[in-house]
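The block underneath contains the structure these notes are about, expressed in structure tokens.
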Amino acid sequence: MFEIENHPVKDAIKQRAHINDAQYKEMYQQSIEQPDTFWGNMASEFLEWFTPWEKVSEFDFNKGEATWFKGGKLNVSHNCIDRHLATKANDTAIIWEGDNPDEDLTITYQQLHDKVCRLANVLKARGVKKGDRVCIYMPMIPEAAYAMLACARIGAVHSVVFGGFSPESLKDRILDSDCQAVITADEGLRGGKAVPLKVNTDTALASCPNVHTVVVVKRTGGEIAWNDSRDIWYHEQTDAASNQCPAEPMDAEDPLFILYTSGSTGKPKGVLHTTGGYLLQSAMTHKYIFDYHPGDVYWCTADVGWITGHSYIVYGPLCNAAITLMFEGVPTYPDASRCWQVIDKHQVNVFYTAPTAIRALMAQGDDYVTRTDRSSLKILGTVGEPINPEAWEWYYHVVGETRCPIMDTWWQTETGAVMITPLPGATNLKPGSATRPFFGVQPALVDPEGQILEGATEGNLVITASWPSQIRSVYGDHERCIQTYYSTYPGYYFTGDGARRDEDGYYWITGRVDDVLNVSGHRMGTAEIESALVLHDAVAEAAVVGFPHDIKGQGIYAYITPMHDVEPSPELEKELREFVTKEIGAIAKPDFIQWAVGLPKTRSGKIMRRILRKIASDEIDSLGDTSTLADPSVVDNLIDNRAKR
Ligand code: WT7
């Protein structure tokens with residue numbers, strides 16, 4: 001094991017970097033003292049506008065409102081493609097690496113332009129127009145990026161649904177935002193296995209009468225059903241379409257996309273992002289955090305189904321005319337050397353992944369890493385959950401050979417782009433800390449009453465002023481947006497995370513303080529999994545909590561009270577786990593199920609989750625006060641019947 005220590009900025013990194021520490025401090029200062037001047041300058045530098053904005057920013061957190069660059073007109077697809085063509089038409093935009101190591105592709109900016117225009121024209125021909133919602137349910141193939149950019153080009157609002165979600169989850173999301181077209185593939189391919197995307201789509205659409213068009217990419221050629229009045233082949237239609245399609249001028253505040261994410265209550269929320277501010281902050285963070293220089297090969301391993309894929313595979317990098325690598329497969333296929341082989345094959349300079357992947361690969365031993373070269377690597381990044389310092393040091397020493405600084409980036413689906421992060425040439429690193437706020441971001445720690453805490457301290461993490469890429473609303477339910485993010489601490493945006501700030505002003509995110517789980521970097525509400533479980537006939541009541549998991553960060557532990565006439569059995573356990581997979585997707589499948597004759601409830605009937613979390617974590621010596629329970633004896637029973645691991 002490596003010693004856990006601080007890592008000052010190295011000279012080689014400092015010399016190349018866009019921003020050093022003095023510049024960071026000066027720019028940060030300006031960004032919060034004169035935000036409109038700062039962001040106005042950045043918006044001119046990073047983006048091309050058809051028409052200038054009238055006002056840089058305006059916000060009222062009590063109403064959950066924020067607008068950036070109002071009145072300004074631009075188009076995201078134009079910014080990510082067309083404006084690069086004059087000088088970079090033949091430069092690489094996307095390197096695609098297939099699930100199968102023998103398959104790859106290079107797409108230039110000119111080719112990207114043609115593909116996106118053709119698909120945009122197909123959508124238009126099917127009647128899709130500005131403001132309409134289009135669902136994208138795709139594997140990690142270039143067509144997923146074309147689909148997003150084609151929507152952006154004509155002003156349609158995309159809603160990407162992760163390909164691992166079930167037909168049920170897909171249906172809920174299509175209905176919630178009334179998507180009328182779906183772009184999918186016959187099958188996906190991950191780790192050598194086929195994912196039945198079209199079959200899932202057909203199942204979901206049985207309950208979505210408003211969907212008039214399904215565009216199907218032929219990825220595997222697998223057997224699928226066909227609905228002549230609704231389904232069209234991507235290749236047939238785009239081959240026949242024109243490769244020219246004007247980019248629709250959009251207001252900076254017109255919606256760009258909806259992305260569903262889980263909260264502590266109810267169904268997933270459709271987080272709404274708009275055009276100008278979102279694109280600006282994704283592009284700017286991409287350039288500065290990964291110290292991106294022209295020609296660098298940049299690889300973010302996320303799936304486009306998550307916000308990281310939106311901001312850091314597609315929009316941020318392409319807006320900067322970068323080379324973005326898109327990977328169809330998984331880090332362990334054909335074996336645990338895959339990531340490092342891909343890095344050597346494509347001479348990757350920047351590698352951005354999740355702590356759960358780092359821990360999983362670390363557990364396989366150093367040999368898979370050290371047998372590869374990796375000398376092209378310059379910068380490493382992590383995102384999605386707190387990284388434990390041991391994994392950080394392993395990533396730093398073994399993967400990066402102490403040459404590459406690690407950017408631990410804290411942000412959320414709702415923040416749209418990175419908020420707290422080091423910058424390679426500016427920030428001395430402390431393993432496990434996301435370090436300091438990005439330009440324009442004003443984090444604060446508050447106590448339970450909402451009082452701002454000063455100095456080195458610990459509390460709940462809020463953001464006190466608007467930032468360009470922030471959530472604008474929850475689709476179709478602005479009240480829920482206010483309720484979720486702005487009502488806990490009036491006047492501030494509440495992140496749902498707890499954090500510590502040290503004597504150097506560095507932030508250390510400690511994790512969610514609400515009923516949201518983070519399993520392998522995937523966000524899930526305990527309430528969502530409980531709702532799925534109680535749909536099963538054998539279940540009377542369910543309570544789901546997280547517990548510490550070595551690789552996944554958190555695992556899922558479900559307490560289930562069976563119906564009175566149901567006999568618990570290992571078979572039923574298995575059935576329930578499969579049931580959750582069917583209802584939500586494999587990422588929500590409980591690791592453990594414990595049968596519970598009763599759950600610990602207060603006299604008013606509220607489940608005391610604190611106790612359930614302790615038991616699931618095997619911390620039965622520190623259960624705390626149980627005297628307010630209606631029936632304290634249920635606790636002994638729960639302890640005696642803990643799930644075996
Ligand atoms: C939650 C947001 C943002 C892209 C991926 C996740 C946790 C995210 C970090 C980090 C500690 C982190 C937080 C946050 N999180 N990055 N660097 N250190 N925690 O997006 O699914 O919206 O989840 O992920 O708990 O609230 P998301």
*Full extension from SER604 to THR37: what is 0.36 nm times the residue separation minus their Cα-Cα distance, to one decimal in nm?*
198.8 nm
*What number, rounded to the nearest 500 deg cm²/dmol, is the helix-based mean residue ellipticity at 222 nm of the chain, given -39500 (n - 2.57) per DSSP H run of at least four residues and division by all its residues?*
-8000 deg cm²/dmol
*asked:* List the lysines whose Cα sits under 19 Å from the Cα of LYS124, skipping any in the same chain fewer than 8 residues away.
replied: LYS115
*asked:* Within the range 541-560, list the residues whose amide N lies under 12 Å from a label point set 7 Å along Cα→Cβ of ARG500.
replied: none
*Remind me, relative contact order of the chain in percent, using alpha carbon pairs under 8 angstrom and six or more residues apart?*
14 percent
*asked:* To check my understanding: the extent here is largest minus smallest coordinate of the Cα atoms along each principal axis. What are those three numbers for the range 429-546, in Å, largest first?
replied: 54, 34, 27
*Please work out the FRET efficiency for the pair ASP447 and ARG371, using the Cβ-Cβ distance as r and a Förster radius of 51 Å; give the result to the nearest 0.05.*
0.50
*asked:* Around ASP202, under 15 Å between beta carbons, what's the net of Lys plus Arg minus Asp minus Glu among the other residues?
replied: -3
_Neighbour-count ranking [beta-carbon atoms within 10 angstrom, fewest first] of TRP340, TRP299, TRP68_ = TRP340, TRP299, TRP68
*Given a cut-off of under 8 Å on Cα pairs at least six residues apart, what relative contact order in percent is computed for the range 519-639?*
23 percent
*Show which aspartates and glutamates lie in cross-link reach of LYS287 when reach means a straight Cα distance below 13 angstrom and same-chain residues fewer than eight apart are skipped.*
GLU45, ASP296
*Please figure out what share of the DSSP beta bridges in the range 9-498 is antiparallel and state it in percent, rounded to the nearest 5.*
50 percent
*Qualifying lysines (Cα of each under 21 Å from Cα of LYS601; at least 8 residues distant if same chain)*: LYS614
*What's the local net charge at PRO490, with K and R +1, D and E -1, over the other residues with C-beta under 13 Å away?*
-1
*For a footprinting-style exposure proxy, rank VAL544, VAL634, VAL441 by other Cβ within 10 Å, fewest first.*
VAL634, VAL441, VAL544
*Going by how many other Cβ atoms sit within 10 Å of their own, how do VAL330, VAL516 line up, fewest first?*
VAL330, VAL516
_Translational diffusion coefficient (Stokes-Einstein; Kirkwood radius from C-alpha pairs) of the chain at 4 °C, 1.567 mPa s, in µm²/s_ = 51 µm²/s
*For the range 519-639, what does the alpha-carbon gyration tensor say about shape, rounded, prolate or oblate, given a ≥ b ≥ c as the root eigenvalues, a/c under 1.5 as rounded, and a/b over b/c as prolate?*
oblate
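Only the coordinates and a few stated rules stand behind these numbers; no lab work does. Here the structure is a predicted model, which is why all the values come from computation and not from measurement. Counting neighbours? That spans all protein chains shown, and the Cβs are built from the backbone with ideal geometry, glycine included.
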